[in-house]
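S.K.: My structure is below; once you've seen it, I'll send some questions.
What follows draws every value from the coordinates through simple rules; no lab data is involved. Predicted model, so just to flag it, every value in this text is computed and none were measured. As a convention, Cβ positions derive from the backbone with ideal geometry for all residues, glycine included, and neighbour counts pool all protein chains shown.
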Ligand SMILES: [Fe+2]
């Protein structure tokens, strides 16, 4: 077993954050136990005594993805895109090479996670978005599928390959349209929406291509509310394209684009939770949040005590304590329920706030974490008027 120190920068800490691992000073002194909620005073105390850099120790045995392997993945990704642009198809030899690259990455990822995330960050600093995005989504999807626990190694490999190739159809779309800033016209949107089909056309006749790869490419823009590109019934969708889709959205949100800055990991994770019931089902988001989020977010909670959330019962609640075993199941205080009255949504307050542990309550599920400042201020005002908060 090899112990490794992972650096944590306390500048990113806020009151009510906690860590899933204990934190240590540089000299190895334990500074903070795992999952303890921090207060502003405690943060000041810690930073005054130990400075802003602490560490957690990871004793798990891990392989490291060598950076040369990432460079090969990046170059292979570029080769694939260029081959398709020049010849309008993908040769069997190039696909075989891509499979080999993915196989090696999955082999490394089998026992690795944090290094992979560091590499994702490194890749983000490059300019060429489509190549980096392809490789990033491939790595993240392999990580997610591995943490999910329900897939064989071969399935993980094909999920990663499907992720790697998910936007390959974009190579058949006009570059000007791909890089257009601002709103697309209806015709342009329709053209863009053809990229899963175009990707599928490139790959479908290849010998021994896995159905997992084809499904991942073709269905990576389907949605829970059936308002995806094809409007397919979501319940018939396998998990493979959903995994690709979540990783695609996460990488897109956290990448800098010409028309907007990158969104922080914390906000991206909240945005992903907020897709429950619209873009994705609860179970797949729960698997992502509990499997991959702690690694992506450097072991820091992405929501905090006193954040407001919505529940599957159309109730509004405030988070009292982080979920101990499941990040989507914190302890909450429930205040009110939204009730539809004709066209408008009315608020019906409970007689008294209800204390609920979502790890125990089987009726309620957290489906949204509210991050809009104006909405939060309006909620607080209403609750203070009733002495609820
Ligand atoms: Fe796409």
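S.K.: Does anyone have the angle between helix 239-253 and the longest principal axis of the chain? Alpha-carbon axes, 0 to 90°, nearest 10?
M.R.: Taking Cα atoms only, the helix is inclined about 70 degrees.
S.K.: May I ask for the angle, rounded to the nearest 10°, between helix 114-124 and the longest principal axis of the chain, with both axes built from Cα atoms and the value confined to 0 to 90°?
M.R.: Value to nearest ten degrees: 70.
S.K.: Taking Cα atoms, how many degrees apart are the long axis of helix 67-87 and the longest axis of the chain, rounded to 10 and kept between 0 and 90?
M.R.: Roughly 50 degrees between the two axes.
S.K.: Among 337, 381, which comes first, then next, by fewest other beta-carbon atoms within 10 Å? All intermediate terms of the calculation are to be shown ahead of the outcome.
M.R.: Working: 337 15, 381 10.
So the residues, fewest neighbours to most, are 381, 337.
S.K.: Same structure again: Can you pull the semi-axes for the chain, root of five times each eigenvalue of the Cα gyration tensor, sorted largest first, whole Å?
M.R.: On the way: eigenvalues 280, 159, 66 Å².
Equivalent ellipsoid semi-axes, largest first: 37, 28, 18 Å.
S.K.: Still on this structure, please answer the following. Ranked from highest to lowest mean number of other Cβ atoms within 10 Å per residue, what is the order of the peptides 318-327, 73-82? Please report the intermediate quantities before stating the final value.
M.R.: Values: 318-327: 16.7, 73-82: 18.9.
With the highest mean Cβ count within 10 Å placed first, the list reads 73-82, 318-327.
S.K.: A follow-up question, please. Ignoring everything except DSSP H segments at least 4 long, calculate the 222 nm mean residue ellipticity for the chain; use -39,500 (n - 2.57) per segment, divide by total residues, nearest 500. Walk me through the numbers before you get to the answer.
M.R.: Numbers: 15 runs with 172 residues, N = 389.
Helix contribution divided over all residues of the chain: -13500 deg cm²/dmol.
S.K.: While we're here: Taking every pair of distinct Cα atoms and averaging 1/r, then inverting, what Kirkwood hydrodynamic radius in Å comes out for the range 67-293? Working shown, then result.
M.R.: Working: mean 1/r = 0.0570 Å⁻¹.
Every distinct Cα pair counted, the radius reaches 17.5 Å.
S.K.: Next up: In nm, to one decimal, how far is the modelled label at residue 357 from the one at residue 174, with both set 7 Å along Cα→Cβ?
M.R.: Modelled inter-label distance: 6.0 nm.
S.K.: Just to check, using Stokes-Einstein with a Kirkwood Rh over alpha carbon pairs, what's the diffusion coefficient of the range 304-385 at 37 °C and 0.692 mPa s in µm²/s?
M.R.: Details: Rh = 13.0 Å.
Estimated diffusion coefficient is 252 µm²/s.
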